[in-house]
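The values are calculated or read from the model by the stated rules, or taken from the named source; none is laboratory data. Remember, it's a predicted structure, so these values are computed and weren't measured experimentally. All Cβ positions, glycine included, derive from the backbone under ideal geometry; neighbour counts span all protein chains shown. Side chains included, ligands, DNA and RNA excluded: accessible areas come from the protein's heavy atoms. Shrake-Rupley method; radii C 1.70, N 1.55, O 1.52, S 1.80 Å.
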Amino acid sequence: MSVPSNQKIIVALDAPDLSSALALAEPLAGEGCVFKIGLQLFTAVGPSIVKKIQSLGARVFLDLKFHDIPNTAREAVASAVALGVDMTTIHLAGGPAMVSAAVKAAESSKTLVLGVTVLTSMDDTTLDLVGIRHPATDQVLRLTEMGANCQLRGVVASPHEITPLREEFGHSLVIVTPGVRPAGSALDDQRRVMTPGEAIRCGADYLVIGRPITSARSPRDAFLQILGEVHAAA
Ligand code: C5P
């Protein structure tokens with residue numbers, strides 16, 4: 001799959017309300033990027049935020065990371081499909097019955113269900129604290145294999161897992177990568193990070209980038225600088 005450079009960037013609209021989300025999205029809407037609506041914005045504004053962003057002509061990734069019993073996860077994905085979103089997320093830790101139910105809910109739609117493997121804010125130490133006693137990469141591969149067996153078509157994983165995922169699964173899966181930080185920018189709460197160019201060279205299909213763009217003095221300039229790096233690496 002070959003995604004044009006500008007469409008490889010997913011801007012995380014992690015904003016507290018409608019007006020600040022639109023202030024971020026409107027100057028970027030013509031650039032072809034995807035906008036990610038996550039827990040903060042969706043909880044504050046509700047489903048109408050999806051329609052507002054779609055009305056700018058942009059594609060929407062609804063990142064609510066569903067993790068529940070299979071029936072609830074299926075119905076939640078069905079609601080995301082009804083909103084016409086391009087991508088949505090489930091936690092692979094929910095297990096195969098939940099993943100299969102979620103995948104089935106989207107099977108005859110344009111919505112791509114992505115499985116979250118291990119959050120990019122977690123490292124081996126924090127995994128150990130929640131009872132997972134093997135390295136993050138092993139856990140990502142294990143969860144992805146389970147997801148692939150449930151007909152899942154894409155995963156969310158840190159930049160450090162792209163190479164092992166490509167070695168194991170080739171290009172059969174879409175890889176969406178958060179934890180991306182341009183050289184010299186703050187890590188914030190992210191742990192397993194790479195620069196945009198490095199992540200693209202490793203084989204990421206899409207990069208999720210929030211604060212390096214949304215907290216910049218000029219989000220549009222920050223976006224265009226990252227786009228240049230992605231373009232050079234693609
Ligand atoms: O600001 P920053 O670039 O760290 O934002 C990353 C975005 O990607 C956030 O919206 C976060 O919820 C999301 N995300 C993540 N790690 C995952 C899945 C999603 O950071 N594994």
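A straight chain from His171 to Arg217 at 0.36 nm per residue would run longer than the Cα-Cα distance by 12.9 nm. In the context of the full set of protein chains, residues of the range 167-234 present 48 Å² of accessible surface per residue (probe radius 1.4 Å, heavy atoms only). From helices alone, the chain scores -12000 deg cm²/dmol at 222 nm; the rule is -39500 (n - 2.57) for each run of n ≥ 4 DSSP H residues, then divide by the residue total.
Which value, in debye to the nearest 20, gives the size of the charge dipole of the chain about its Cα centre, when Lys and Arg are +1 and Asp and Glu are -1 at the Cβ? Spell out each step's value before the answer.
Values: 20 positive and 23 negative charges, 86 e Å.
The calculation lands at about 420 debye.
Computing FRET efficiency as 1/(1 + (r/R0)^6) for Asp128 and Ser55, where r is the C-beta to C-beta distance and R0 is 30 Å, gives about 0.10. The distance linking the range 10-60 with the range 116-133 is 29 Å (Cα centroid to Cα centroid, whole angstrom). Highest mean first, the peptides 203-216, 134-147 sorted by other C-beta atoms within 10 Å per residue fall in the order 203-216, 134-147.
If Lys and Arg each add +1 and Asp and Glu each add -1, what is the summed charge of the other residues whose beta carbon sits under 14 Å from the beta carbon of Pro159?
On the way: positive: Lys8, Arg166, Arg181, Arg191, Arg192, Arg201; negative: Asp123, Glu161, Glu198, Asp205, Glu229.
Result for the local shell: +1.
On the range 5-233, 52 percent of the accessible area sits on carbon and sulfur atoms, based on a 1.4 Å probe.
In terms of the Cα gyration tensor, with a ≥ b ≥ c the square roots of its eigenvalues, is the range 5-233 rounded because a/c is under 1.5, prolate because a/b exceeds b/c, or oblate? Oblate, because a/c is 1.5 or more while a/b does not exceed b/c.
Pairs from the table (Lys51/Lys110; Lys8/Lys104; Lys36/Lys110) lying more than 20 angstrom apart at Cα are Lys8/Lys104.
Where only protein heavy atoms count, and the probe is 1.4 Å, what is the accessible area per residue for the range 65-138 in Å²?
Numbers: 3360 Å² over 74 residues.
For the range 65-138, the solvent-accessible area averages 45 Å² per residue.
Between Val180, Val155, Val45, the Gaussian network model of the chain with springs among Cα atoms under 10 angstrom shows the greatest mean-square fluctuation at Val45. Simple rule: put +1 on each Lys or Arg Cβ and -1 on each Asp or Glu Cβ in the chain, find the dipole, and look at Ala157, Leu127, Val230; the Cα lying farthest toward the positive end is Val230. The string of couplings for the range 4-14 from the Karplus curve (6.51, -1.76, 1.60, θ = phi - 60°) is x, 3, 5, 7, 7, 9, 10, 8, 7, 7, 7 Hz, one whole number per residue in order, with x for Gly and Pro. Comparing Ile9, Ala76, Leu62 along the charge dipole axis of the range 1-104, the residue lying farthest to the positive side is Ala76, per the Cβ-charge model.
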